[in-house]
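> Have a look at this one.
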Amino acid sequence: MSGNNIQKYRFVCTLTFGDIYGQIIVWLITITLSLASALALMGAKRPVYALATAGLVVLLSLPFLLFAFVTTLLNHIEVTPVGPGTKMEPMPGNVSQQQPVEASS
């Protein structure tokens, strides 16, 4: 059995900034609200509560942000089999994406 029978695959990530833009906006709103609540509680008798509130909001929102980003990233990964006569050439304007081009013999 020869080693030429191994199937090759092409992995392409089609994620763009527009795909995660909404997630970044939600994260910035979360940070702003936690800082606003911390400043509101700073006038209390114990300012430790202010820091604890801001830290707790950020800490509890991190897993949700990470889950949303990772699932969005995994949804934008394309795996396609590459035929034996296919050669890869970079697409102009995007370094991360490659497009199969038929090889000229």
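> Using a 1.4 Å probe on the protein chains only, how many percent of the accessible area of the stretch 7-56 belongs to carbon and sulfur?
Summing carbon and sulfur atoms, their accessible area is 74 percent of the total for the stretch 7-56.
> Can I ask one more? With the cut-off at 1.5 for a/c, could you classify the stretch 12-57 from its C-alpha gyration tensor as rounded, prolate or oblate?
prolate
> May I ask you to order 28-34, 50-56, 76-82 by the average number of other C-beta atoms within 10 Å around their residues, highest value first?
50-56, 28-34, 76-82
The values are calculated or read from the model by the stated rules, or taken from the named source; none is laboratory data. What you see is a predicted model, and the numbers here were worked out from it, not measured in a lab. Cβ coordinates were reconstructed from backbone atoms using ideal geometry, including for glycine residues, and neighbour counts include every protein chain displayed. When the accessible area is computed, the model is the full protein with side chains, heavy atoms only, and any ligands, DNA or RNA have been set aside. Shrake-Rupley method; radii C 1.70, N 1.55, O 1.52, S 1.80 Å.
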